[in-house]
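Everything below concerns the one structure shown next.
The values are calculated or read from the model by the stated rules, or taken from the named source; none is laboratory data. Just so you know, these numbers come straight off a predicted model, no measurement behind them. Virtual Cβ from ideal backbone geometry, glycine too; neighbours counted across all protein chains shown. When the accessible area is computed, the model is the full protein with side chains, heavy atoms only, and any ligands, DNA or RNA have been set aside. Shrake-Rupley method; radii C 1.70, N 1.55, O 1.52, S 1.80 Å.
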Amino acid sequence: MADPVKNSPEVAGAAATPAPHKQTQVGEVVSTKMEKTIVVSVTRRVPHPLYKRIVSQRKRFYAHDEEGKAKVGDMVRIIESRPLSKLKRWKLDEILRAAVRITVDGVEVSMAEARATVSNRKTVKKKLKVKGK
């Protein structure tokens, strides 16, 4: 009769298969507007297929941030995981570099957000001036 301990799936699986290799990506957080979810933009530099010039390609990944530690502008490492929702297949691994934060009108924001806010205000003012004429 076969020994049940040797043939059990837990023992056989643990010894036979090592932990799977998880793919990682490094990118910049571009959005934190959802709860427990961040959007990470990963930039790759690849040669153009026809012209062989180096071009930058960006891809956005939705990643799970359980504790909400990542902020806009942070450089982070994400690691692949099981599907968590329709778009989320990545988890936040670590924050590599925190973005510079400043206080604007009593609210702490990153430099990227502050620049976007200032440029949006200028654009809105220009549009209002054109409509007023």
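What distance in nm separates the two pseudo spin-label positions at VAL30 and ARG97, each 7 Å out from Cα along the beta-carbon direction?
Output for this residue pair reads 1.8 nm.
Going from most exposed to least, what order do ARG44, ARG58 have by accessible area with a 1.4 Å probe? Numbers along the way, then the final one.
Working: ARG44 125, ARG58 190 Å².
The ranking, largest first, comes out as ARG58, ARG44.
Over what distance in Å are the Cα centres of the range 56-119 and the range 19-49 separated?
9 Å
Where the eigenvalues come from the Cα gyration tensor of the range 20-117, what are the semi-axes √(5λ) of the equivalent ellipsoid, largest first, in whole Å? Each step should come with its number before you reach the end.
Working: eigenvalues 125, 82, 24 Å².
Semi-axis lengths for the range 20-117 are 25, 20, 11 Å.
With each label point set 7 Å from Cα along the Cα-Cβ vector, what nm distance links VAL55 and LYS86?
2.9 nm
Return the FRET efficiency for the residue pair VAL104, VAL42: r is the Cβ-Cβ distance, R0 is 30 Å, and the value is rounded to the nearest 0.05.
0.60
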